[in-house]
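Visitor: Got a structure here, written out as structure tokens. Questions coming.
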Amino acid sequence: MSNNQDNLETTLSDAKATASGMLTKGKHVSASNKTTAVEVAKTGSIKDLILWLLAAVALIGATLVNQYLPGYWQPANDVWVRIGIIAVLVVFALVCLILTHQGRAFKILLKDAAVELRRVTWPGKDETFQYTWQVIVVIAIVGFFIWLLDNFFNWFVGIFIG
């Protein structure tokens, strides 16, 4: 009995450690070894500030290219040159944002989301068909109820106005 109780307690503690991320392949590790997207996003530096400012300036410049650049630079009168300049400025801004800590956190978030999507149990064709019809019926019922309320309030307001 005692041996079974010890096994149960060991299994329970292993399950709790796994749930909290502290047990990996039979070895206990600290939870601080895995950095989360939130922890990465909260860190900042002067480099991040400069990259954010460069990205903001590039995006503001991209919005102003079409209106102001043709007046100062003759080749910008061609629409394709302006489109190219806008595209380059937007890509530059995105690259600047990717290089920040928040950009790294976004990449971590996307990787975590991909892992979660692999864990999803997607419904089959029959289940999808059944749920779709249930949603359509509920929408029809709610729509009919709202139509009735609308007609009632139109009648009610018509009594006071008419």
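Visitor: What percent does the relative contact order of the stretch 49-100 come to when contacts are Cα pairs within less than 8 Å and at least six residues apart?
Guide: About 58 percent, as a whole number.
Visitor: Also, quick follow-up: When each pair of different Cα atoms in the stretch 88-162 is counted once in the 1/r mean, what is the Kirkwood radius in angstroms, to one decimal?
Guide: 18.1 Å
Visitor: How many angstrom separate the Cα center of the stretch 111-162 from the Cα center of the stretch 51-66?
Guide: Answer, in whole Å: 42.
Visitor: What FRET efficiency comes out for the pair Ile146/Asp126, r = Cβ-Cβ distance, R0 = 25 Å, nearest 0.05?
Guide: Approximately 0.20, to the nearest 0.05.
Visitor: Leu94 to Ile46: extension gain in nm, 0.36 nm per residue of separation minus the Cα-Cα distance?
Guide: 15.5 nm
Visitor: For a Förster distance of 35 Å, can you work out the FRET efficiency between the beta-carbons of Val157 and Val135, rounded to the nearest 0.05?
Guide: Efficiency, from the Cβ-Cβ distance: 0.60.
Visitor: So, one more: Can you check how the C-alpha radius of gyration of the stretch 37-135 compares to 2.2 N^0.38 Å, as a plain ratio?
Guide: Here the Cα radius of gyration is 1.70 times the empirical estimate.
Where a number appears in this text, it was derived from the coordinates with a stated rule and is not lab data. Keep in mind that what you see is a predicted model, and the values were worked out from it rather than measured. Reconstructed Cβ throughout: ideal geometry from the backbone, glycine too, with neighbour counts over all protein chains shown.
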